[in-house]
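The values are calculated or read from the model by the stated rules, or taken from the named source; none is laboratory data. As the structure is a prediction and not an experimental result, all values here were calculated from the model. Cβ atoms come from the backbone with ideal geometry, glycine included; neighbour counts cover every protein chain shown.
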Amino acid sequence: MEDSETHNLQKETIKQQHEVVKARTAPPNDSNIGSHVEEYGDKTFKDGKLFLYQGLYPAKSSITNRPLLSPSLKGAINQRNVDILFMWKKYEQLNVGSEEKQRALREVQETVLHRKHLDSSIDFIGKLVFGFEGPSVLEATKGPGQPLVDYWDCLKTMVRVFESQCGSLTQYGTKHMRAFTNICNNGVSETEMKEASISACDSYNIGKWSPLVLGHSAWSAALQ
């Protein structure tokens with residue numbers, strides 16, 4: 001929307017907006033900061049003018065295209081770490097020695113531990129399912145122009161199976177989307193995934209991370 005407000009929607013195409021926003025939000029030489037703009041769905045519409053989809057604001061129909069301001073991303077943090085930063089800032093502002101400050105610190109520690117659990121569990125599941133080549137299989141990418149996943153229902157199922165045994169993926173866990181898509185694309189069955197998830201997470205007390213408490217992740221819900 002920020003880009004739309006600075007361009008003439010009768011002239012700018014979907015493809016042009018995608019390239020501008022992608023370049024602005026993610027530095028080309030550093031994928032660890034900024035955001036990641038992706039394309040999904042039918043790409044045959046890319047040459048369509050934006051006003052056909054976003055409408056036209058008469059007051060702005062004669063606007064002259066001008067570049068978006070590009071603030072420096074130096075010092076920016078990955079969006080998946082925003083919750084940790086928020087919790088830490090809250091912790092710093094609380095009174096030293098207070099019970100509330102101790103609870104805030106425990107919350108940070110539990111969140112970090114759960115993240116490590118997610119990373120190690122998915123890595124272990126990859127090895128259980130694919131052998132020692134598991135990590136490379138989970139990170140495999142498909143060729144240009146190919147769909148991210150062959151079976152969307154499988155992706156939703158695998159995410160839910162994992163969360164039921166290992167706890168919620170949370171926003172942080174969406175970094176493992178490629179791993180789940182590769183599990184599906186390589187024909188892993190729901191039973192195999194459940195057995196691997198139980199083996200990887202049987203000793204982990206998911207507690208407050210249980211989908212019975214948090215519900216399944218928003219990512220999983222979005223796949224419905």
Take Q102 and decide whether it is at pLDDT 90 or above and surrounded by fewer than 11 Cβ atoms within 10 Å (Cβ to Cβ). no
Scan segment 200-215 and give yes if some residue there is assigned to a helix (DSSP H, G or I) and modelled with pLDDT of 90 or more, otherwise no. yes
Against the conditions (1) more than 30 Å from L138 (Cβ to Cβ); (2) at pLDDT 90 or above, where does T111 fall short? Just the number, please. (1)
Consider V129 carefully, then state whether it is farther than 23 Å from P211 by Cα and hydrophobic (A, V, I, L, M, F, W, C). yes
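The rows are residues; the columns are (1) of a type in the set (K, R); (2) more than 16 Å from D119 (Cβ to Cβ); (3) assigned to a loop (DSSP other than H, G, I, E, B); (4) touching a His at 6+ places or on another chain (Cβ under 9 Å).
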site	(1), (2), (3), (4)
P147	no, yes, yes, no
T157	no, yes, no, no
Q165	no, no, no, no
Y172	no, no, no, yes
H176	no, no, no, no
T181	no, yes, no, no
V188	no, yes, yes, no
E192	no, yes, no, no
A196	no, no, no, no
Note on segment 163-199: residues more than 21 Å from S136 (Cα to Cα), polar (S, T, N, Q) and in contact (Cβ under 8 Å) with a residue 24 or more places away in the chain are S164, Q165, S168, T170, Q171
Long-range neighbours under 8 Å by Cβ, at least six apart or interchain, first residue on the phi < 0 side of the Ramachandran plot and assigned by TED's automatic domain parsing to the domain that holds D123 within segment 141-162, second assigned to a helix (DSSP H, G or I) and surrounded by fewer than 14 Cβ atoms within 10 Å (Cβ to Cβ): T157/E190; M158/E190; V161/E190
Check segment 142-150 and report whether any residue there is at pLDDT below 95, under 16 Å from M193 (Cβ atoms) and not small (G, A, S). yes
Of the residues in segment 75-119, those that are closer than 23 Å to M158 by Cα and touching a residue at least 60 places away in the same chain (Cβ under 8 Å) come to R80, H114, H117
